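Asks: Take a look at this one; I'll ask things after.
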Amino acid sequence: MLAPHVGTPGALLPMLHALQETFGCIDESAVPLLADTLNLSRAEVHGVIGFYHDFRRTRPGRHIIKVCRAEACQAVGAESLLDHVRRSLRVDDGGTTADDAFTLQVVYCLGNCALGPAVMIDETLHGRVTPARFDTLAAEQRE
Ligand code: FES
């Protein structure tokens, strides 16, 4: 999984993506191995993981819920939707529900700006999401 990237310029990002795709997160134990393999410091590897919000340090829930908080969605109620999602799921941003069903991620634009507030659940994009519609979508995922 990682071997094809060794020795290629900019190998760290594709290696991190491959690890996350395989294991669901970037385990702390991978950091020194990546640093040694790519002749980087551990701080450099931590810096890249921390810079990109898509990289996770812990295993996510079974479903990833992304709520857009960028300007166009904010203009049509994204903040109140996000507050509702946090209360409904009882999680903070980046958190995972107690039953491991959902991980909440706040993102800045899902490319669905004309149909905000936008929410992505796993690979499916939803537009004009109201709190009630969010609850329905979340309930469907739990079935
Ligand atoms: Fe929300 Fe672009 S601003 S999808």
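Asks: Looking at (1) within 24 Å of Ala18 (Cβ to Cβ); (2) open to solvent by 40 Å² or more (accessible area, probe 1.4 Å); (3) touching a residue at least 60 places away in the same chain (Cβ under 8 Å), which is the one condition that is false for Gln141?
Replies: Only one criterion is unmet by Gln141, namely (1).
Asks: Is it the case that Phe51 is surrounded by fewer than 17 Cβ atoms within 10 Å (Cβ to Cβ) and more than 16 Å from the ligand (Cβ to nearest atom)?
Replies: Values: surrounded by fewer than 17 Cβ atoms within 10 Å (Cβ to Cβ): yes; more than 16 Å from the ligand (Cβ to nearest atom): yes.
Yes.
Asks: When only residues in segment 100-114 that are within 16 Å of the ligand (Cβ to nearest atom) and either among the aromatic types (Phe, Trp, Tyr) or more than 20 Å from Tyr52 (Cα to Cα) (or both) count, which is modelled with the lowest pLDDT? Talk me through it step by step, then tell me what you get.
Replies: Quick first cut of segment 100-114, residues within 16 Å of the ligand (Cβ to nearest atom) only: 104-114.
Keeping just the survivors that are either among the aromatic types (Phe, Trp, Tyr) or more than 20 Å from Tyr52 (Cα to Cα) (or both) gives 108, 112-114.
Details: Tyr108: 94, Asn112: 97, Cys113: 97, Ala114: 97.
Only one residue fits best here, namely Tyr108.
Asks: Sort out which residues of segment 5-50 are outside any loop (DSSP other than H, G, I, E, B) and more than 26 Å from Ile64 (Cβ to Cβ), and write them in order of number.
Replies: Narrowing segment 5-50 to residues outside any loop (DSSP other than H, G, I, E, B): 5, 12-23, 30-38, 42-50.
Passing the criteria: Pro32, Ala35, Asp36, Thr37, Leu38, Arg42, Ala43, Glu44.
Asks: On to the next question. Which members of segment 115-136 meet the condition of being over 18 Å from the mean Cα position of the chain (by Cα), away from the ligand (no atom under 16 Å from the Cβ) and of a type outside the set (Ser, Thr, Tyr)?
Replies: The answer is Pro131, Ala132, Asp135.
Asks: Report whether or not Val91 is at pLDDT 95 or above and closer than 28 Å to Ala139 by Cα. Steps first, please.
Replies: Numbers: at pLDDT 95 or above: yes; closer than 28 Å to Ala139 by Cα: yes.
Answer is yes for this residue.
Conditions (1) among the polar types (S, T, N, Q); (2) in contact (Cβ under 8 Å) with a residue 60 or more places away in the chain, marked per residue:
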residue: Phe23; (1), (2): no, no
residue: Thr37; (1), (2): yes, no
residue: Val48; (1), (2): no, no
residue: Phe51; (1), (2): no, no
residue: Arg57; (1), (2): no, no
residue: His63; (1), (2): no, yes
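Asks: Please work out which residue is farthest from the chain's Cα centre (by Cα), limiting yourself to segment 89-114 and to residues that are surrounded by 16 or more Cβ atoms within 10 Å (Cβ to Cβ) and more than 12 Å from Pro60 (Cβ to Cβ). Give the steps one after another, and end with the answer.
Replies: We begin by selecting, within segment 89-114, every residue surrounded by 16 or more Cβ atoms within 10 Å (Cβ to Cβ); these are 89, 91, 95-97, 102-107, 110, 112-113.
Restricting the remaining residues to those that are more than 12 Å from Pro60 (Cβ to Cβ) gives 89, 106-107, 110, 112-113.
Numbers: Leu89: 16, Val106: 8, Val107: 8, Leu110: 12, Asn112: 17, Cys113: 19 Å.
For segment 89-114, the residue satisfying everything is Cys113.
Asks: While we're on this one: One residue is enough: does segment 73-88 have a residue meeting the conditions assigned to a loop (DSSP other than H, G, I, E, B), within 15 Å of the ligand (Cβ to nearest atom), surrounded by 16 or more Cβ atoms within 10 Å (Cβ to Cβ) and free of Cβ contacts under 8 Å to residues at least 40 places away in the same chain?
Replies: The answer is no; no qualifying residue exists.
The values are calculated or read from the model by the stated rules, or taken from the named source; none is laboratory data. All of these numbers come straight from a predicted model, not from anything done at the bench. Counting neighbours? That spans all protein chains shown, and the Cβs are built from the backbone with ideal geometry, glycine included. Accessible surface is based on the protein model in full, side chains and every heavy atom, while ligands, DNA and RNA are left aside. Shrake-Rupley method; radii C 1.70, N 1.55, O 1.52, S 1.80 Å.
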